[in-house]
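Undergrad: Sharing a structure, written as structure tokens. Questions coming.
The values are calculated or read from the model by the stated rules, or taken from the named source; none is laboratory data. Remember, predicted model here, so these are calculated numbers, not experimental data. So basically every Cβ, Gly included, is an ideal-geometry build from the backbone, and we count neighbours across all protein chains shown. The area values use the complete protein model at the heavy-atom level, side chains included, leaving out ligands, DNA and RNA. Shrake-Rupley method; radii C 1.70, N 1.55, O 1.52, S 1.80 Å.
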Amino acid sequence: MVQERRDRFKPPGRWHNDLIVKTRYRFKNEPPVDRLHYIEKEQRLGWRGDFFDDVIVSVPDLQNDRLHLRVQVYDVDGVNTDLVDTIQKFSESSAVLFPQLATYANIARLGSKPLVDLVNNIDQHDEILDEELWLEINQPQTRHKLLQPGYFVCFRDESVSGDLTLDDDLRVLQDGDAYTDGSYAVLELDKNHELQPKREIDQKVAKMVAELAGKGRSSESALHFLRETLEAYSKYEKLERLRELDGEPHPSARCNARAEELRDELKADPVLGPALRMKESGQADD
């Protein structure tokens, strides 16, 4: 919810912002990962929810007990209209959703340097909302690591009094009426994992690039992230290839041999093996 006008170059009565919405997440001392969710010029005050992608971070298995989130909403005067149009055109690409990857993306018109400079220097523009949130699991020694699901509201103002609730559209109500005294962002924490495999890999690579750029705090973590990412990607490619080979309507002897070779290799993997054997067992029962 944007309640403040920050565009100083518009005439009185024109309640617009050149709006950008960006988030950053970090688990413990791992490198931070930036996400770009929205950029649009000439935006009226009010509610915004039509983002490129509204997922900040999603992980299949929670391995850390502390998550740091930062929500940044700014008015960005002077941003080139062509850059905004290009970002919107490629809004579903990893280079836009994860700006750390823009420099390495093969998109001729993306303009990676202006995008990276914009994201890295967003706090040089006019702040509408810039808030941080730390989330910690309640009982680290229990069997299941879960952050408490629910909704969290980051208000621009430090303290907001009254009876606060959310309506069906997740807008804040204060004593039953719409809260209008300042901007805020609503974050949802859900225990369901939503990302596709490719996006998971992009997430890992963005974290690795951040570490290689010196944004992490550990000396050996860059190699760890690189190895972890490449291993995950390699397994994903092998699973995809096995699926393709198993789907061949008239496989050759060479295809069958390669499929069995891949199947044996993946069965030997301590993580994938049990799942593959369980799947084969279920197919045999059918």
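Undergrad: Just one of (1) of a type outside the set (D, E, K, R); (2) part of a strand (DSSP E or B); (3) open to solvent by less than 20 Å² (accessible area, probe 1.4 Å) trips up residue 96, so point out which.
TA: Only one criterion is unmet by residue 96, namely (2).
Undergrad: Any chance you could count how many residues in region 178-204 are of a type in the set (Val, Ile, Thr) and modelled with pLDDT under 80?
TA: Pass one, region 178-204, residues of a type in the set (Val, Ile, Thr): 180, 186, 201.
With the extra rule that they be modelled with pLDDT under 80, the set shrinks to 201.
Counting residues in region 178-204 that are of a type in the set (Val, Ile, Thr) and modelled with pLDDT under 80 gives 1.
Undergrad: Another question, then. Is at least one residue of region 60-68 crowded, with 20+ Cβ neighbours inside 10 Å, within 26 Å of residue 186 (Cα to Cα) and in contact (Cβ under 8 Å) with a residue 60 or more places away in the chain? Outline the logic, then answer.
TA: To start, the set of residues in region 60-68 that are crowded, with 20+ Cβ neighbours inside 10 Å comprises 67.
Narrowing further to those that are within 26 Å of residue 186 (Cα to Cα): 67.
In the following step, the residues that additionally are in contact (Cβ under 8 Å) with a residue 60 or more places away in the chain were identified as 67.
Within region 60-68, one or more residues are crowded, with 20+ Cβ neighbours inside 10 Å, within 26 Å of residue 186 (Cα to Cα) and in contact (Cβ under 8 Å) with a residue 60 or more places away in the chain.
Undergrad: Considering only residues of region 149-172 that are part of a strand (DSSP E or B) and in contact with a Gly (Cβ under 9 Å, 6 or more places away or on another chain), which is farthest from residue 57 (Cα to Cα)? Reasoning before the result, please.
TA: Going residue by residue through region 149-172, those that are part of a strand (DSSP E or B) are 150-155, 164-166, 172.
From what is left, the residues that are in contact with a Gly (Cβ under 9 Å, 6 or more places away or on another chain) are 155, 165.
Numbers: 155: 21, 165: 25 Å.
By that ranking, first place goes to 165.
Undergrad: What are the residue pairs meeting all of these: first residue in region 116-140, first residue more than 23 Å from residue 76 (Cα to Cα), second residue among the polar types (S, T, N, Q) and open to solvent by 90 Å² or more (accessible area, probe 1.4 Å), Cβ atoms under 7 Å, and 6 or more apart or on different chains?
TA: Close Cβ pairs (under 7 Å, with a partner that is among the polar types (S, T, N, Q) and open to solvent by 90 Å² or more (accessible area, probe 1.4 Å)) amount to 138/148.
Undergrad: Could you tell me which of the residues 48, 66, 70, 35 is more than 27 Å from residue 208 (Cβ to Cβ) and under 20 Å from the mean Cα position of the chain (by Cα)? Let's see the steps before the verdict.
TA: Values: 66 fails: more than 27 Å from residue 208 (Cβ to Cβ); 70 fails: more than 27 Å from residue 208 (Cβ to Cβ); 35 fails: more than 27 Å from residue 208 (Cβ to Cβ).
Unique residue meeting the criteria: 48.
Undergrad: Residue by residue through region 72-81, note down the ones that are open to solvent by 10 Å² or more (accessible area, probe 1.4 Å) and part of a strand (DSSP E or B). Steps first, please.
TA: Let us first name the residues in region 72-81 that are open to solvent by 10 Å² or more (accessible area, probe 1.4 Å), namely 73, 77-81.
Scanning region 72-81 gives a single hit, 73.
Undergrad: Can you tell me which residue is modelled with the lowest pLDDT among those in region 241-278 that are closer than 23 Å to residue 231 by Cβ and among the small types (Gly, Ala, Ser)?
TA: Narrowing region 241-278 to residues closer than 23 Å to residue 231 by Cβ: 241-246, 258-278.
This time we only want the ones that are among the small types (Gly, Ala, Ser), so: 259, 268, 273, 275.
Numbers: 259: 88, 268: 87, 273: 82, 275: 78.
The residue in question is 275.
Undergrad: Further question: Of all residues in region 51-91 being among the charged types (D, E, K, R) and in contact with a strand residue (DSSP E or B) (Cβ under 9 Å, 6 or more places away or on another chain), which is nearest to residue 101 (Cα to Cα)? Write out each step before concluding.
TA: Residues of region 51-91 among the charged types (D, E, K, R): 53-54, 61, 65-66, 70, 75, 77, 82, 85, 89.
Checking the rest, the ones that are also in contact with a strand residue (DSSP E or B) (Cβ under 9 Å, 6 or more places away or on another chain) come to 53-54, 65-66, 70, 75, 77.
Working: 53: 16, 54: 18, 65: 27, 66: 25, 70: 19, 75: 23, 77: 24 Å.
It comes out as 53.
Undergrad: If you go through region 145-172 one residue at a time, how many are free of Cβ contacts under 8 Å to residues at least 24 places away in the same chain, more than 24 Å from residue 130 (Cβ to Cβ) and either in contact with a Leu (Cβ under 9 Å, 6 or more places away or on another chain) or open to solvent by less than 50 Å² (accessible area, probe 1.4 Å) (or both)?
TA: 3
Undergrad: Working only within region 111-128, note down all residues that are among the acidic types (Asp, Glu), part of a helix (DSSP H, G or I) and open to solvent by 70 Å² or more (accessible area, probe 1.4 Å).
TA: In the first step, residues of region 111-128 are kept if they are among the acidic types (Asp, Glu); the result is 117, 123, 126-127.
Filter once more, keeping what is part of a helix (DSSP H, G or I): 117, 123.
Of everything in region 111-128, just one residue is among the acidic types (Asp, Glu), part of a helix (DSSP H, G or I) and open to solvent by 70 Å² or more (accessible area, probe 1.4 Å), namely 123.
Undergrad: Another question about this same structure. If only one of 202, 190 is touching a helix residue (DSSP H, G or I) at 6+ places or on another chain (Cβ under 6 Å), of a type in the set (D, E, K, R) and closer than 20 Å to residue 63 by Cα, which one is it? Break it down stepwise before answering.
TA: Values: 190 fails: touching a helix residue (DSSP H, G or I) at 6+ places or on another chain (Cβ under 6 Å).
Matching residue, one of 202, 190: 202.
Undergrad: Of all residues being open to solvent by less than 20 Å² (accessible area, probe 1.4 Å) and part of a loop (DSSP other than H, G, I, E, B) in region 23-50, which is nearest to residue 71 (Cα to Cα)? Just the residue, please.
TA: So, considering only residues that are open to solvent by less than 20 Å² (accessible area, probe 1.4 Å) and part of a loop (DSSP other than H, G, I, E, B), the one nearest to residue 71 (Cα to Cα) is 32.
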